[in-house]
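The values are calculated or read from the model by the stated rules, or taken from the named source; none is laboratory data. As the structure is a computational prediction, the values presented were derived from the model and not from experiment. A quick note on method: Cβ atoms are made from the backbone with ideal geometry, for glycine too, and the neighbour counts reach across all protein chains shown.
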Amino acid sequence: MDHGPEVHIPGQGKIPGSPVRSDGIHYYPPGPVARAFLHDDSLITGIRGPFRSGKSTAAVMKLIKNAQRQPRSPDGWKRRRTAIIRNTYPELRTTTMKTWHMWIPQHKGKWREAGPPMHRIVDNNDKFDWEVLFVALDKPDDVAKLLSMELSDAFVNEAREVPKAIIDGLTGRVGQYPPQWMGGCTDAQVIMDTNPPDTDHWWYTLAEQDQTNEKNRQLINSMREAQDLLRAKGILRPDQPIMKFYSQPSGRGPDAENTRNLRPGYYEFLMAGKSEEFIKVYVDGEYGFVMDGKPMWPEYRDSTHSREFPILAGLGFRLGVDFGLTPAATIDQRLGNGRWVVQDELATERMGIVTFSHDLARHLSDKYPGVPLVSVRGDPSGDSETPEENTCFQIMKANGFPMAEPAPTNDPIRRRESISFLLRTLVDGEPGILIHRRCSTLRKGASGGYNRRRLEVLGEERYRDVPDKNKYSHVCEALEYDLVSGGEDRNVTVHPSIRDQKQRSQYAESEYSVLG
């Protein structure tokens, strides 16, 4: 039954200057799940669904709806400040901003492109002022700004690519503008949309209330305790949850949403030539892992290169470390015959190097007491000084890792060949490198999560020149730093004529492949 538009912006209405047609915006939710999401007033609310299910537009309309509901301050003005967030700036610019501008074009209000981009919508007659800031998480300065902003609400687009630490930080930033002395903020929310992530993702843990391990149980119990406390204080209604997640139906099912806005047969065309896992995730909207890009380690096969194996007695641990905003480490051993085994990993989300060093030391002492360290090698860029005039290596040395040193090179081709050669090699009938089954992030990165993202170019398949920075890249690069430190890049040759120039490495030729 058609109940009429559930977000209406007239030509001269509550969001002045925003309509894309002369009679304004008339939004009809694409289905009952999107409608429920639109009207949900939880502090944290998210919607998951297949490709083109209308979830991003529903999130934008939710922001507009929240702005419409904001009461006026004592001076008669209605004020709102919103952050719209994406993992990287290219995705923010080519996808998220386009969705926004489809409904509120740049020429409506004031549009600022740089530092971070902002859309300011002001109507002096109606006394309405809305700041909308667009933030990418690949710029550390912008992340710092985001986590210090006073916001009304926030929209995280494609949340499966965003660390949970960002969501945690946002919950303390929304509802802060307008401040209480100006009348306060209503409808303070962290709004999220996403294509389905894998079952090891924080979204799955929260949405499905997964309590299969102690960490998850603690996380879910803390949310329940916070919800009970807020209800007891009257901040939440007795029926109002602190968070709620919505799942749209399959795109090929009878209840598919947004089909009236798609060309006939859209999902049938999308399924053509795709893998079962792709269809499961992007058509049916179910949780899963899909390789989306060109793998950095195409030689890796999980069935060949991963299994259970014991700690190798008499051999100490080598650590490979990647720094940055999301530090990671691999815990490795090298055998006397040249084979490598990766015993464990530590993958983090948005953590400082001091905290990371403490967590890594505790992880080693708790799980592997008595196993000595023989080497700690990391990203050479970690030898650059931080704003506090310390390097990452100096910080690690002061926090339990006195042998921490830079890897000999950051050359991506040398790093790439160091793992490629081992994946293609058998030593005494065994693969040159094995990864323990417990290394879930590293294994998924090796299976294609660590990749070069496909470029949106018509007529040919083209990919970025550098690997995509995501939850898998950091731990994979940590392993590469340990391997090059162990001399596994020796199979890369450099032509003498360019040895004194900026190095251009070339792969050594090999006739043998462990895969046949």
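Quick look at the values:
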{"item": "Odd one out for ASP123 among (1) charged (D, E, K, R); (2) exposed (fewer than 15 other Cβ atoms within 10 Å of the Cβ); (3) farther than 21 Å from ILE47 by Cβ", "result": "(2)"}
{"item": "Complete set of residues in segment 188-200 that are buried (at least 19 other Cβ atoms within 10 Å of the Cβ) and part of a loop (DSSP other than H, G, I, E, B)", "result": "ALA188, GLN189, ASN195, PRO196, PRO197"}
{"item": "Of the criteria (1) at pLDDT below 90; (2) surrounded by 18 or more Cβ atoms within 10 Å (Cβ to Cβ), which one GLU214 fails", "result": "(2)"}
{"item": "Any pair with Cβ under 8 angstrom, 6 or more apart, that starts in segment 58-83 at a residue that is in a loop (DSSP other than H, G, I, E, B) and ends at one that is β-branched (Val, Ile, Thr)", "result": "GLN70/THR186; PRO71/THR186"}
{"item": "Residue tally, condition part of a loop (DSSP other than H, G, I, E, B) and within 29 Å of the chain's Cα centre (by Cα), over segment 223-254", "result": "9"}
{"item": "Any hit, segment 387-401, residues being farther than 27 Å from LEU146 by Cα, aromatic (Phe, Trp, Tyr) and surrounded by 17 or more Cβ atoms within 10 Å (Cβ to Cβ)", "result": "yes"}
{"item": "THR88 farther than 28 Å from PRO71 by Cα, at pLDDT below 90 and within 19 Å of the chain's Cα centre (by Cα)", "result": "yes"}
{"item": "Criterion: among the small types (Gly, Ala, Ser) and under 14 Å from ILE191 (Cα atoms) - qualifying residue of ALA114, ALA154, ALA136", "result": "ALA154"}
{"item": "Within segment 248-286, considering residues that are small (Gly, Ala, Ser) and without any contact (Cβ under 8 Å) to a residue 40 or more places away in the chain, the one nearest to GLY49 (Cα to Cα)", "result": "GLY253"}
{"item": "Residues located in segment 169-183, provided they are surrounded by fewer than 16 Cβ atoms within 10 Å (Cβ to Cβ) and either of a type in the set (Ser, Thr, Tyr) or part of a loop (DSSP other than H, G, I, E, B) (or both)", "result": "GLY172, PRO179"}
{"item": "Selection within segment 256-266 - more than 29 Å from the chain's Cα centre (by Cα) and not small (Gly, Ala, Ser)", "result": "ARG260, ARG263, PRO264"}
{"item": "Verdict on PRO298 being more than 24 Å from the chain's Cα centre (by Cα), over 18 Å from ARG160 (Cα atoms) and either exposed (fewer than 14 other Cβ atoms within 10 Å of the Cβ) or not hydroxyl-bearing (Ser, Thr, Tyr) (or both)", "result": "no"}
{"item": "Test for ALA347: is it surrounded by 19 or more Cβ atoms within 10 Å (Cβ to Cβ), at pLDDT below 95 and closer than 16 Å to ARG438 by Cα", "result": "yes"}
{"item": "Residue check, PHE317 within 24 Å of GLU161 (Cα to Cα) and either touching a Pro at 6+ places or on another chain (Cβ under 8 Å) or of a type in the set (Phe, Trp, Tyr) (or both)", "result": "no"}
{"item": "Check on ARG48, among the charged types (D, E, K, R) and surrounded by fewer than 22 Cβ atoms within 10 Å (Cβ to Cβ)", "result": "no"}
{"item": "Yes/no for TRP203 being among the aromatic types (Phe, Trp, Tyr) and under 27 Å from ARG35 (Cβ atoms)", "result": "yes"}
{"item": "VAL281 touching a Phe, Trp or Tyr at 6+ places or on another chain (Cβ under 8 Å) and either assigned to a helix (DSSP H, G or I) or hydrophobic (A, V, I, L, M, F, W, C) (or both)", "result": "yes"}
{"item": "From the options PHE309, PHE289, residue that is part of a loop (DSSP other than H, G, I, E, B), crowded, with 18+ Cβ neighbours inside 10 Å and in contact (Cβ under 8 Å) with a residue 24 or more places away in the chain", "result": "PHE289"}
{"item": "Among the candidates LEU315, LEU319, residue that is within 18 Å of CYS439 (Cα to Cα) and surrounded by 15 or more Cβ atoms within 10 Å (Cβ to Cβ)", "result": "LEU319"}
{"item": "Of all residues making up segment 137-157, the number that are under 20 Å from LEU43 (Cβ atoms) and assigned to a loop (DSSP other than H, G, I, E, B)", "result": "7"}
{"item": "Qualifying helices (runs of 4 or more DSSP H) (wholly inside segment 357-466; at least 2 residues being modelled with pLDDT of 90 or more, of a type in the set (Gly, Ala, Ser) and closer than 24 Å to SER306 by Cα)", "result": "412-423"}
{"item": "Residue match in segment 134-145 (condition: within 20 Å of the chain's Cα centre (by Cα), among the aromatic types (Phe, Trp, Tyr) and under 30 Å from MET223 (Cβ atoms))", "result": "yes"}
{"item": "Residue among ILE166, ILE220 that is buried (at least 19 other Cβ atoms within 10 Å of the Cβ), touching a residue at least 12 places away in the same chain (Cβ under 8 Å) and assigned to a helix (DSSP H, G or I)", "result": "ILE166"}
{"item": "Count - residues of segment 289-341 that are in contact with a His (Cβ under 8 Å, 6 or more places away or on another chain) and within 18 Å of LYS367 (Cα to Cα)", "result": "4"}
{"item": "Candidate set from segment 69-85 (those that are within 30 Å of the chain's Cα centre (by Cα) and of a type outside the set (Lys, Arg)); member that is surrounded by the most Cβ atoms within 10 Å (Cβ to Cβ)", "result": "ILE85"}
